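All remarks here apply to the structure that follows.
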Amino acid sequence: MTRSERIQAVRGMNDVLPEDEALWRRFEDAVAGCMAAYGYRRIRTPIVEPTRLFVRGIGEVTDIVEKEMYSFTDALNGEELTLRPENTAGVVRASIEHNLLYDGPKRLWYAGPMFRHEKPQKGRYRQFHQVGAEAMGFPGPDADAEVILLCQRLWDDLGLTGISLELNSLGEIDERRAHRDALIAYFEAHRDELDEDARRRLYSNPLRILDTKNPSMQALVQAAPQLGGYLGESSRAHFEHLQALLRGQNIPVRINPRLVRGLDYYNLSVFEWVAGGLTVCGGGRYDPLVEMLGGKPAPACGFAIGVERILELMRASSADAAQCDVYVVHQGEAAEAGAFQAAERLRDAGLDVVLNCGGGGFKAQFRRADASGAFLAVILGEDEMSKAQVSLKWLRGGAGAGVAGAQRTVAFASLVDAVIDALAGDDEAVGN
Ligand code: ATP
Ligand code: MG
């Protein structure tokens with residue numbers, strides 16, 4: 001096969017390489033911990049669903065359904081199928097199909113790959129990952145507050161600061177109708193200033209025009225009639241109550257009257273978590289959806305986090321997490337057997353250990369040890385072997401660690417205790 005014939009991944013679909021595994025794992029562990037902390041249980045739905053599910057569940061006049069779906073006809077049986085572009089529709093379908101709400105509301109979460117045929121760029125891929133939660137059967141606003149708090153706890157657990165909450169209320173469908181008429185009239189009066197997308201949506205989904213990312217339309221959109229003025233008593237009360245609950249938990253909220261989610265089924269609360277101008281999580285209430293997909297009416301709300309965008313923030317915010325605890329450096333035949341023994345003993349004690357393989361001089365081995373991310377090197381050379389000793393060397397300094405470069409020798413027999421003490425910061429000779 002020539003270079004140009006070599007098969008490559010589909011554009012916009014990424015491999016996650018081992019060097020990123022620690023980051024993914026840290027994120028996934030934090031997610032699982034937070035979901036459990038709020039009583040959410042995981043559901044796993046298929047990656048492929050009937051195309052109709054998304055056309056009905058997301059809405060025909062949306063970016064996703066209009067131009068982003070990977071839809072195809074199954075060549076073997078003619079079924080119309082789509083790679084899921086999001087997971088809410090699938091979760092709702094599964095809830096109805098398995099009658100999950102028969103004995104009361106359910107708290108569910110999911111994680112996995114989603115597929116959208118978008119123009120690939122940083123933070124926007126064709127296969128990307130979402131983690132989401134759906135509080136099903138709760139009319140709120142306590143459930144709305146809960147899913148928002150869950151997100152805040154996740155950011156905190158990940159050590160991410162600078163993700164801020166924007167909130168709005170879309171009211172109910174009949175309230176939106178009155179606003180929609182005003183909006184259409186306003187945009188008709190400014191028809192010359194509308195871009196192509198906006199003109200196309202003027203009558204089918206004018207609300208979505210407010211969500212435009214076109215800079216030249218921002219002024220127009222800023223001055224458009226606001227939905228807030230059209231909310232009825234009960235929608236306003238729902239919104240106020242949610243804000244009070246969030247204030248009570250010291251969650252800073254920015255009310256953004258132009259925040260919309262253009263799907264027909266959204267109602268009442270909508271929110272986005274934003275960092276550096278990029279939305280990392282979107283959510284809100286979608287009371288009509290369960291009934292629209294054929295279920296017994298049930299209110300619901302939830303969110304979806306863009307995993308790659310959060311990982312990017314984690315990358316920027318923290319030093320690399322260690323990939324292993326100890327790297328074992330060794331030289332000479334006798335030392336090799338000793339190194340295997342030392343590594344196995346350390347692993348028995350629960351430590352993550354990388355044993356130098358492939359030989360090399362001390363210098364080359366220490367370069368690999370540094371690259372491994374280990375805190376500590378365990379060194380076995382001729383000298384150590386002859387005295388039944390090993391040397392410990394700190395590779396990295398920092399909080400709780402010793403001083404990089406500090407070194408000392410211990411008896412081979414007490415290796416495990418010495419390493420554990422050193423890693424726990426109790427060691428007196430190493431690093432102090
Ligand atoms: P946008 O307006 O940026 O296209 P969206 O409204 O289509 O976002 P949602 O459907 O609400 O996004 O998805 C929730 C989150 O998933 C987004 O806030 C974003 O973080 C992430 N996301 C959406 N599409 C992509 C993509 N193509 N690649 C990576 N992440 C994405
Ligand atoms: Mg999009």
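The values are calculated or read from the model by the stated rules, or taken from the named source; none is laboratory data. None of the values given here were measured: they were computed from a predicted structure. Positions of Cβ are backbone-derived with ideal geometry, glycine not excepted, and every protein chain shown enters the neighbour counts.
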query: Which of the residues spanning segment 47-70 are polar (S, T, N, Q) and either in contact with a Pro (Cβ under 9 Å, 6 or more places away or on another chain) or away from ligand 1 (no atom under 16 Å from the Cβ) (or both)?
result: Thr51
message: Give all pairs with beta carbons closer than 6 Å in which a residue from segment 6-17 that is touching a residue at least 60 places away in the same chain (Cβ under 8 Å) meets a residue that is outside any loop (DSSP other than H, G, I, E, B) and within 12 Å of ligand 1 (Cβ to nearest atom); count only pairs at least 6 apart in sequence or on separate chains.
response: Met13/Gln127
statement: Among helices (runs of 4 or more DSSP H) entirely within segment 242-349, at least 1 residues that are within 16 Å of ligand 2 (Cβ to nearest atom) and in contact (Cβ under 8 Å) with a residue 12 or more places away in the chain occur in 307-317
- prompt: Here are some residues: Thr73, Thr62. Which one is modelled with pLDDT of 95 or more and more than 15 Å from the chain's Cα centre (by Cα)?
  reply: Thr73
- line: Of the residues in segment 77-88, those that are outside any loop (DSSP other than H, G, I, E, B) and more than 16 Å from ligand 2 (Cβ to nearest atom) come to Glu80, Leu81
field: Cβ pairs under 6 Å, 6+ apart, first in segment 50-66 and closer than 15 Å to Phe115 by Cβ and within 16 Å of ligand 2 (Cβ to nearest atom), second among the polar types (S, T, N, Q) and not in a helix (DSSP H, G or I)
entry: Phe54/Thr82
- prompt: Does Val91 meet the test of being away from ligand 2 (no atom under 16 Å from the Cβ), under 20 Å from Gly284 (Cα atoms) and surrounded by fewer than 20 Cβ atoms within 10 Å (Cβ to Cβ)?
  reply: no
Members of segment 164-174 found to be assigned to a loop (DSSP other than H, G, I, E, B) and surrounded by 21 or more Cβ atoms within 10 Å (Cβ to Cβ), listed by number: Leu170, Gly171
- line: Restricting segment 94-105 to residues that are out of contact with any Gly (no Cβ under 6 Å at 6 or more places or on another chain) and not aromatic (Phe, Trp, Tyr), the one surrounded by the most Cβ atoms within 10 Å (Cβ to Cβ) turns out to be Ser95
task: Please enumerate the residues belonging to segment 34-45 that are assigned to a loop (DSSP other than H, G, I, E, B) and out of contact with any helix residue (DSSP H, G or I) (no Cβ under 7 Å at 6 or more places or on another chain).
output: Gly39, Tyr40, Arg44
message: Here is a list: Val16, Val31, Val55, Val65. Which entry is in a loop (DSSP other than H, G, I, E, B), surrounded by 12 or more Cβ atoms within 10 Å (Cβ to Cβ) and among the hydrophobic types (A, V, I, L, M, F, W, C)?
response: Val16
